[in-house]
Amino acid sequence: MSAYVALLTIELHFPDAGSLKAKRKELASVKALLHQRHGMAVAEVDHQDLWQRATLAGALVSGSLARLEERCDAAQRFLDARVPDGVRMNRVVASYADVEGLG
């Protein structure tokens, strides 16, 4: 069986957000689009109380390593276009065998 997972941390900067409400509105849209367009499971995990910063954790899965890398790259391009003033995405890719060996 071949199965792969990409675990992502996504740091976003919203310089035009003047309030938590403004940041949350933009962030809700970004999260929804990551889920709808890219099939990513995503959650805000840090900086919930800051106006201009957010950190998300995301996950993508695939039966093909090449396809998983393509999906991660597509998500990165989407984020770069959507939040041009500040995105940093880190990814860790593991196979099912890698994860199973940790248990």
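Taking Cα atoms only, the orientation of helix 65-82 departs from the longest principal axis of the chain by about 10 degrees. Remark: the Val61-Ala43 segment gains 4.9 nm on full extension, using 0.36 nm per residue and subtracting the alpha carbon distance.
Sorted largest first, the principal axis extents computed over the alpha-carbon atoms of the range 1-59 equal 48, 19, 14 Å. Helices in the chain, meaning DSSP H runs of at least 4 residues, each add -39500 (n - 2.57). Divided by all residues, the mean residue ellipticity at 222 nm is -13000 deg cm²/dmol.
Between the listed residues Ser62, Ser2, Val30, the Cα displaced farthest toward the positive end of the dipole of the chain, a dipole computed from Cβ unit charges relative to the Cα centre, is found at Val30.
Here the relative contact order of the chain, from alpha carbon pairs under 8 Å that lie six or more residues apart, stands at 45 percent. At q = 0.16, 0.17, 0.24 Å⁻¹, work out log10 I(q)/I(0) for the chain with the Debye formula, treating every Cα as an identical point scatterer and leaving solvent out; two decimals please. Taking Cα atoms of the chain as identical point scatterers yields -0.68, -0.75, -1.26.
Take the range 1-65 with all the other protein chains still there, run a 1.4 Å probe, and you get 56 Å² of accessible area per residue. Summing Cβ point charges (Lys, Arg +1; Asp, Glu -1) relative to the Cα centre of the range 1-91 gives a dipole of roughly 220 debye. A Förster radius of 41 Å, combined with the Cβ-Cβ distance separating Ala3 from Ala81, puts the computed FRET efficiency at roughly 0.90. Overall, the accessible surface of the chain at a probe of 1.4 angstrom is composed of carbon and sulfur to the extent of 54 percent.
The values are calculated or read from the model by the stated rules, or taken from the named source; none is laboratory data. These numbers come from a predicted model, not from an experiment. Methodologically, a virtual Cβ is constructed for each residue, glycine included, from the backbone with ideal geometry; neighbour enumeration extends over all protein chains shown. Just so you know, the surface numbers come from the protein's heavy atoms only, side chains and all, with ligands and any DNA or RNA stripped out. Shrake-Rupley method; radii C 1.70, N 1.55, O 1.52, S 1.80 Å.
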